[in-house]
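Everything on this sheet refers to the single structure shown next.
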């Protein structure tokens with residue numbers, strides 16, 4: 001980096017980060033469709049597609065075949081996410097004055113490359129185990145992008161909402177860290193359940209359902225502490241509300257998916273409903289995990305010795321959707 005970032009650089013890098021996050025949400029959704037309709041091996045080769053190196057059009061009218069559209073479309077969106085991540089990583093390395101942030105950017109690039117290799121090897125080795133790992137690493141990559149977006153927000157850079165070192169803060173930190181860990185465990189269990197033959201059994205299902213209730217309790221614990229003790233820190237309270245809302249929606253989607261799976265409705269309508277519910281459940285799960293990571297990062301910040309203890313009374317600002325700094 002040759003000079004400090006300008007106001008415009010922070011703004012446009014944050015916007016680019018948000019665009020990368022949103023594109024990754026599309027990728028997660030598309031990947032969920034691939035798994036839901038069993039199209040993961042529609043193209044049994046990689047990096048070619050049915051022997052073709054033509055990334056855009058490997059087979060004439062491939063978009064008219066549902067399995068081809070799902071799998072090859074997933075590869076196209078994954079390529080776009082990879083390109084965006086490399087650009088974001090290079091931009092961050094060149095312009096961000098924080099050494100740890102530049103290292104995180106390199107980590108994001110390494111993670112997206114690793115994720116691409118996992119997806120390719122899953123096809124070449126016809127491995128359900130790699131499919132589950134691929135799905136689990138995707139969520140870690142998404143959380144990394146969410147964190148990078150938070151780190152270029154005005155709230156983070158101005159250190160607004162930093163919590164004092166109190167017993168309530170320590171308790172909130174413990175609950176928040178535990179919540180993020182529990183949500184990720186649920187994501188891994190969900191990946192095992194979603195891949196046919198990998199873990200769909202009564203035992204794993206019961207474990208996943210039990211874990212859902214544990215996550216509900218953990219999120220409600222975070223929400224209660226934030227509301228009771230941090231009324232003067234709006235950024236923490238808003239994040240707690242988002243976390244709780246995502247948890248409620250995720251629980252409802254999970255219950256609906258479970259009931260639909262148990263009753264196994266026949267016909268095209270039942271198949272479409274199953275795909276829609278499972279895809280929504282996966283995407284909202286990613287948003288829940290992202291919210292838990294944001295909450296954990298916010299409460300992890302510690303006041304510097306020169307900072308004064310004063311409430312955050314600023315108006316809400318949507319930094320993660322491209323607001324001006």
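Counting only alpha carbon atoms, the long axis of helix 167-194 and the longest principal axis of the chain meet at about 10°.
Binning all Cα-Cα separations of the chain at 20 Å, short to long from zero, yields these whole-percent fractions: 29, 55, 15, 0. Taking 177, 53, 68 as the candidate residues, the one with maximal mean-square fluctuation in a Gaussian network model of the chain, Cα springs under 10 Å, is 53.
Using only alpha-carbon positions in the stretch 140-236, the gyration tensor eigenvalues give semi-axes of 32, 18, 8 Å once each is multiplied by 5 and square-rooted (largest first). Which angle between 0 and 90 degrees, to the nearest 10, do you get for helix 99-124 versus the longest principal axis of the chain when only C-alpha atoms count? Helix 99-124 sits roughly 10 degrees off the main axis of the chain. Helical runs assigned H by DSSP (4 residues or longer) give the chain a calculated mean residue ellipticity at 222 nm of -25500 deg cm²/dmol, each run adding -39500 (n - 2.57) before division by the residue total. Considering the stretch 106-176 at the alpha-carbon level, its Rg and Dmax are found to be 17.8, 53 Å. Here the residues 247, 101, ranked from fewest to most Cβ neighbours within 10 Å of their Cβ, fall in the order 101, 247. Pairs of Cα atoms in the stretch 206-306 fall into 10 Å distance bins, from 0 up to the last occupied one, in shares of 14, 38, 26, 14, 6, 1, 0 percent. Just checking the listed ones, 222, 214, 236: in the Gaussian network model of the chain with Cα springs under 10 Å, the one fluctuating most is 214. In the chain, Cα pairs under 8 Å separated by at least six residues give a relative contact order of 24 percent.
Each of 9, 165 was scored by other Cβ atoms within 10 Å of its Cβ. Listed from fewest to most, they are 165, 9.
Normalised by 2.2 N^0.38 Å, where N is the number of residues, the C-alpha radius of gyration of the stretch 71-207 stands at 1.28. Average projection, convex hull of the Cα set of the stretch 1-152: 9.3 square nanometres. With all pairs of separate Cα atoms included, the stretch 15-62 yields a Kirkwood hydrodynamic radius of 12.6 Å.
The angle separating the long axis of helix 128-151 from the principal Cα axis of greatest extent in the chain is about 30 degrees.
Each reported figure results from applying straightforward, stated rules to the coordinates on display, with no laboratory input. A quick note: this is a predicted structure, and the numbers were derived from the prediction, not measured. Note that we place each Cβ from the backbone using ideal geometry, even for glycine, and neighbour counts take in every protein chain shown.
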